[in-house]
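What follows draws every value from the coordinates through simple rules; no lab data is involved. Remember, it's a predicted structure, so these values are computed and weren't measured experimentally. Cβ atoms come from the backbone with ideal geometry, glycine included; neighbour counts cover every protein chain shown.
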Amino acid sequence: MSVRTQSPQPPEQAVHRAGFACFVGRPNAGKSTLTNALVGKKVAITSNRPQTTRHTVRGIVHRPDAQLILVDTPGLHKPRTLLGERLNDVVRTTWAEVDVIGFCLPANEKLGPGDRFIAKELASIKKSPKVAIVTKTDLVDSKTLAEQLIAVDQLAKELGFEWAEIVPVSAVGEKQVDLLADLLVPLLPEGPALYPEGDLTDEPEQVMVAELIREAALEGVRDELPHSIAVVVEEMLPREDRPADKPLLDIHAFVYIERPSQKGIIIGPKGKRLKDVGIKSRKQIEALLGTPVFLDLHVKVAKDWQRDPRQLRKLGF
């Protein structure tokens with residue numbers, strides 16, 4: 001078993017590489033946090049709730065020797081709704097198209113049926129090299145980490161394949177994040193940069209704004225709500241009567257839930273929760289767009305949208 005704690009030696013003649021890496025893993029394995037740590041800026045929403053990611057978010061890591069484009073997929077899981085099935089389809093399609101796959105396994109949780117299910121699917125993919133990334137190492141002691149690394153190595157052997165690398169990282173503690181990039185780069189094809197210098201994601205701003213609002217709405221809601229929340233930004237327009245040195249961007253967005261009974265949970269007593277969601281997400285949006293924002297939020301019921309193909313299309317799935 002080869003566990004990496006040092007960067008590979010740079011080759012004599014530096015070549016430029018560019019390609020796509022995809023992080024997979026069961027829900028809440030730390031994929032989005034890792035994407036943000038590698039890019040150095042928030043491009044994927046994170047939450048302590050499983051199934052937070054719904055879109056494949058591309059984060060772009062620019063280096064002198066390479067451009068690493070990270071595709072952050074939803075967690076592969078046993079689907080209970082049409083939305084769940086569509087999310088799993090997104091994952092499998094992405095796996096078939098990337099240059100390298102990183103399988104995220106949290107250091108603080110023993111390998112379970114969900115990990116085996118994903119590893120079995122990965123075993124059938126012959127083309128792409130697979131890197132095991134043991135995440136959340138800041139939450140365990142060295143003995144527990146060593147046991148997890150051995151278990152991860154064993155998992156591949158049982159299924160008849162080998163990891164290209166096994167890398168322990170802590171995205172929160174920023175430990176070995178650069179090393180992970182160093183190890184992914186040699187697995188990419190040679191070629192010029194695919195995105196302009198300075199681009200951190202190819203996600204449309206409107207989608208990123210909607211995701212930031214959804215992240216704020218997810219915080220502190222009851223357990224039944226995370227899957228029921230969708231956000232659509234109806235319009236983003238600069239306010240016309242503002243002087244050039246004091247711009248203001250008007251954003252009108254709808255938070256969709258599935259049942260009328262959930263409306264009160266999102267709005268909160270005297271509208272306090274929705275107001276908090278607006279304040280929190282507005283700060284994040286202003287940081288993302290670099291301009292002052294007026295955010296107009298409304299809550300709407302889209303009955304059982306996770307199971308309704310027409311509603312799913314309308315909400316962007």
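Values for this structure:
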{"item": "Pairwise Cα inverse-distance average, inverted: Kirkwood Rh of the stretch 205-314 (Å)", "result": "14.6"}
{"item": "Distance between the stretch 88-120 and the stretch 16-41 - C-alpha centres, whole angstrom", "result": "12"}
{"item": "Phi-based couplings in Hz for the stretch 146-155 (Karplus 6.51, -1.76, 1.60; Gly and Pro marked x)", "result": "4, 4, 5, 4, 5, 4, 5, 4, 4, 4"}
{"item": "Qualifying aspartates and glutamates (Cα of each under 18 Å from Cα of LYS127; at least 8 residues distant if same chain)", "result": "GLU97, ASP99, GLU162, GLU165, GLU190"}
{"item": "Cross-link pairs beyond the 18 Å C-alpha cut-off, checked among LYS126/LYS157; LYS275/LYS314; LYS272/LYS314; LYS31/LYS175", "result": "LYS275/LYS314; LYS272/LYS314"}
{"item": "Distant-in-sequence amide H partners of VAL24 (H built 1.01 Å from N, under 5 Å)", "result": "GLY102, PHE103, CYS104"}
{"item": "Span from the the stretch 169-200 Cα centroid across to the the stretch 246-262 one, whole angstrom", "result": "35"}
{"item": "Proximal aspartates and glutamates relative to LYS280, as straight alpha-carbon distance under 18 Å, when same-chain residues fewer than 8 apart are discounted", "result": "GLU205, GLU211, GLU215, GLU219, ASP250, ASP296"}
{"item": "Rounded to the nearest 20 debye, dipole of the stretch 205-314 from Cβ charges on Lys, Arg, Asp, Glu", "result": "460"}
{"item": "Approximate spin-label separation ARG310-SER261, in nm, with each point projected 7 Å along Cα-to-Cβ", "result": "2.5"}
{"item": "Distant alpha-carbon pairs in the stretch 17-187 (separation over 22 angstrom), percent", "result": "37"}
{"item": "Cβ-derived FRET efficiency at R0 51 Å, THR291 paired with LYS110, nearest 0.05", "result": "0.65"}
